[in-house]
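Q: Pasting a structure below so you can have a look.
The values are calculated or read from the model by the stated rules, or taken from the named source; none is laboratory data. Computed from a predicted structure; not experimentally measured. Ideal geometry is used to build each Cβ from the backbone, glycine not excepted, and the neighbour counts take in all protein chains shown.
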Amino acid sequence: MLHFNKINDTRQQLHAWRMAGERIVFVPTMGNLHQGHLRLVEHACQLGQRVIVSIFVNPKQFNDKDDFAAYPNTLEEDFSKLQAAGVDALFLPAVEVIYPDGHQKNSEIIVPGLSDILCGAYRTGHFIGVATVVAKLFNIVQAEVAVFGEKDFQQLMVIRRMVNELCFPIEIIGVPTERECDGLAMSSRNGYLNTQERQRAPLLYKALKQAKSQLQSGGEDIPGVEVQAQQRLQEGGFRVEYFSVRSAKELSLAGPGTQDLVIVAAAWLGKTRLIDNIRLNFG
Ligand code: PAF
């Protein structure tokens, strides 16, 4: 597996592959790779001839300095996993390469209407940081396709909207969430859970599944389902930020006529913030 720290070296290699007619697929990550990331890579391998992964812990998307500082660095293991998965190149830039003048002074991308709701309302500036770094990475890598996990549903929507509205010549593919045997969505943050919290954590997905089946059976209205789920989670030891039934197209509040729905949730267990979602279609 080739690896690059500099933008020009990365571009040169990717240019050569492009000139040889090879389709390049990009998987952006922040490292600390788990089975969910490897599923993205597996998917990427099926979509083109060359797969490039980036590992960059983006300071601009962390609204909490301590959270950024504590983000796990497992580079050696990540490298071996990507090599074993058949990745062609790893882009591993330093913060100064992506933000030579610091990330606060950098030009920013705001996706109005999506950046400041749900997770964006609780993590000020988070999606500005995500959209900005993803735009930069897209411009560096210039892949034809990029692959993201559906676990970060709002992130995926922000990126799709940005790509669409700013006419990026790239196709965005979402990959279903990879789960542990007990249903917990795989996430780098799961490693922060202590033993007791880890036992409780699957309740988040269970609450999403229960809410989905309540809505499918038609016996409950949306606000009633949301409140019941929040209570269930609180009783299970979670501090709920939101548990909300939304339009899967706009992330706006769902009403009785909305057909394509997503139920999104964010909740804390101790010091760990977990997010998850489930789709529901009445079409
Ligand atoms: O999902 C992530 O790991 C990050 O938000 C991303 C897309 C790599 C941007 O830093």
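Q: Under the condition of being of a type outside the set (S, T, N, Q) and more than 22 Å from Ala143 (Cβ to Cβ), which residue from segment 76-90 is farthest from the ligand (Cβ to nearest atom)?
A: Glu76
Q: Spot the failing condition for Pro93; the list is (1) out of contact with any Asp or Glu (no Cβ under 8 Å at 6 or more places or on another chain); (2) of a type outside the set (S, T, N, Q); (3) within 14 Å of the ligand (Cβ to nearest atom); (4) over 30 Å from Gln12 (Cβ atoms), and only one is missed.
A: So Pro93 meets the others, but not (4).
Q: A follow-up question, please. Can you tell me which of Phe62, Phe79 is closer than 19 Å to Pro100 by Cα, among the hydrophobic types (A, V, I, L, M, F, W, C) and surrounded by 14 or more Cβ atoms within 10 Å (Cβ to Cβ)?
A: Values: Phe79 fails: closer than 19 Å to Pro100 by Cα.
The conditions single out Phe62.
Q: Related question: Among the numbered criteria (1) of a type outside the set (Ser, Thr, Tyr); (2) part of a strand (DSSP E or B); (3) surrounded by fewer than 18 Cβ atoms within 10 Å (Cβ to Cβ), which single criterion is violated by Pro256?
A: (2)
Q: Considering every residue within segment 11-34, establish whether at least one is within 16 Å of the ligand (Cβ to nearest atom), of a type in the set (S, T, N, Q) and within 21 Å of Thr177 (Cβ to Cβ).
A: yes
Q: Quick test for you: out of Asp182, Asp276, pick the one residue that is loosely packed, with under 14 Cβ neighbours inside 10 Å, within 23 Å of the chain's Cα centre (by Cα), acidic (Asp, Glu) and modelled with pLDDT of 95 or more.
A: After ruling out the rest, the residue left standing is Asp182.
Q: Same structure again: Which members of segment 51-64 meet the condition of being more than 10 Å from the ligand (Cβ to nearest atom), under 15 Å from Phe4 (Cβ atoms) and in contact (Cβ under 8 Å) with a residue 40 or more places away in the chain?
A: Hit for segment 51-64 is Ile52, nothing else.
Q: I'd like the full set of residues that are touching a residue at least 24 places away in the same chain (Cβ under 8 Å) and either more than 13 Å from the ligand (Cβ to nearest atom) or aliphatic (A, V, I, L, M) (or both), limited to segment 144-162.
A: Pass one, segment 144-162, residues touching a residue at least 24 places away in the same chain (Cβ under 8 Å): 144-155, 157-159, 161-162.
Within segment 144-162, Glu144, Val145, Ala146, Val147, Met157, Val158, Ile159, Arg161, Met162 meet the criteria.
Q: Follow-up. Yes or no: Gly48 away from the ligand (no atom under 16 Å from the Cβ), under 21 Å from Pro169 (Cα atoms) and within 22 Å of the chain's Cα centre (by Cα)?
A: Spelling it out, Gly48 is indeed away from the ligand (no atom under 16 Å from the Cβ), under 21 Å from Pro169 (Cα atoms) and within 22 Å of the chain's Cα centre (by Cα).
Q: When you go through Ala44, Ala69 one by one, which is the residue that is more than 23 Å from Trp17 (Cα to Cα), small (Gly, Ala, Ser) and either surrounded by fewer than 16 Cβ atoms within 10 Å (Cβ to Cβ) or in contact with a strand residue (DSSP E or B) (Cβ under 6 Å, 6 or more places away or on another chain) (or both)? Spell out how you get there, then give the answer.
A: Working: Ala44 fails: more than 23 Å from Trp17 (Cα to Cα).
Just one listed residue meets the conditions, Ala69.
Q: Out of Val141, Val133, I need the residue that is within 13 Å of the ligand (Cβ to nearest atom), in contact with a Phe, Trp or Tyr (Cβ under 6 Å, 6 or more places away or on another chain) and either of a type in the set (A, V, I, L, M) or free of Cβ contacts under 8 Å to residues at least 24 places away in the same chain (or both). Which one? Break it down into steps so the answer makes sense when it comes.
A: Working: Val133 fails: in contact with a Phe, Trp or Tyr (Cβ under 6 Å, 6 or more places away or on another chain).
Unique residue meeting the criteria: Val141.
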